[in-house]
Amino acid sequence: MLNKICPECGITLRKCSDPDTFVCPKCLRSFKDCSRSQESNTAEQPFPEEVFKGKESLPDLSDGTIAVIFIMILVACVSFVLRMIPVTIVAALMIVITVKVVERTDRKPEQAPAAEEKQKQTAEPETTADFIRAFQTIGRQNFDLLPQTEHVVTQLQQLERKRRGLSAMLGTDHPFLQMAADAERYVLSNCRQIYRRFYYCDLSDPSLLRQHMLFASERLRENERVLADYENLVIEVTQMDDSTPVPVPCMDTVTDTLRRIRTGDEDNTHHMMMQ
């Protein structure tokens, strides 16, 4: 049997002249009772078959709007009978304008996708690919920062290549991968600091712009030192085979570089270890 409730409005359907067809008095949608032609089937119809979607073509008119339109139609008819053509034209135009206004106000604006898109645009980058896209955009928008943004992009691309190469050689479970992950987090942390300087700070003042560029240059030098030791780690891995023991000094090199950069304790020891 047909569920005689409109699934859209939740009100009782009315029977039409056709005994198998029902109409919603509010949204004017038509529904057909298919149960009579399918009495032999034991499965119930989950929803009535919808024949006509009247709500999409007809606006939701309130009682006051209907009264105004009715009066305008009456005025148009009377003026037409009395051969007052200008009044008839004005009344007809008012009817059309009223219906269009009701249709426009009845539409619900899609605010959720717009808010989601805005949040996506204002969110800070997280992954290496996000940072690459962000710095490429900053470089296009401010040519003064282009050399440094290109330097950041180059470092991030090198980091991504080293990471893929190390993962391909070592798999997913190896002590070196933790050290590589620490180096990646440190490089991305420096990139995030540079991004915030270039994205949020005032770049119109030349003196402030120079300070931001000096800050970025220092972070880039720190990244270069970490990437150099990361490369040493990759070189060590390329010389390993299944019988080669894990070379702990190479891991210590990466760890020592990160520690010295964080504490500011940099001397010739790092360069000696590099050699």
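The values are calculated or read from the model by the stated rules, or taken from the named source; none is laboratory data. Everything numeric here is computed off the predicted structure, so don't read it as measured data. Positions of Cβ are generated from backbone atoms using ideal geometry, with glycine treated the same way; all protein chains shown enter the neighbour counts.
It is to be established whether one or more residues within the stretch 236-249 are in a helix (DSSP H, G or I) and at pLDDT below 60. Yes, the stretch 236-249 contains at least one residue that is in a helix (DSSP H, G or I) and at pLDDT below 60. Whether a residue is assigned to a helix (DSSP H, G or I), modelled with pLDDT of 95 or more and either surrounded by fewer than 19 Cβ atoms within 10 Å (Cβ to Cβ) or of a type in the set (Phe, Trp, Tyr) (or both) was assessed, and Tyr195 passes this test.
Checking the structure you have, find out if any residue of the stretch 199-210 is assigned to a helix (DSSP H, G or I), in contact (Cβ under 8 Å) with a residue 12 or more places away in the chain, of a type outside the set (Val, Ile, Thr) and exposed (fewer than 13 other Cβ atoms within 10 Å of the Cβ). The answer is no, given that none of the residues of the stretch 199-210 is assigned to a helix (DSSP H, G or I), in contact (Cβ under 8 Å) with a residue 12 or more places away in the chain, of a type outside the set (Val, Ile, Thr) and exposed (fewer than 13 other Cβ atoms within 10 Å of the Cβ). Here Asp173 clears all of (1) assigned to a helix (DSSP H, G or I); (2) of a type outside the set (Phe, Trp, Tyr); (3) farther than 18 Å from Asn232 by Cα; (4) at pLDDT below 90 except the condition numbered (1).
Being assigned by TED's automatic domain parsing to the domain that holds Ile138, without any contact (Cβ under 8 Å) to a residue 24 or more places away in the chain and β-branched (Val, Ile, Thr) is a condition met by at least one residue of the stretch 164-181.
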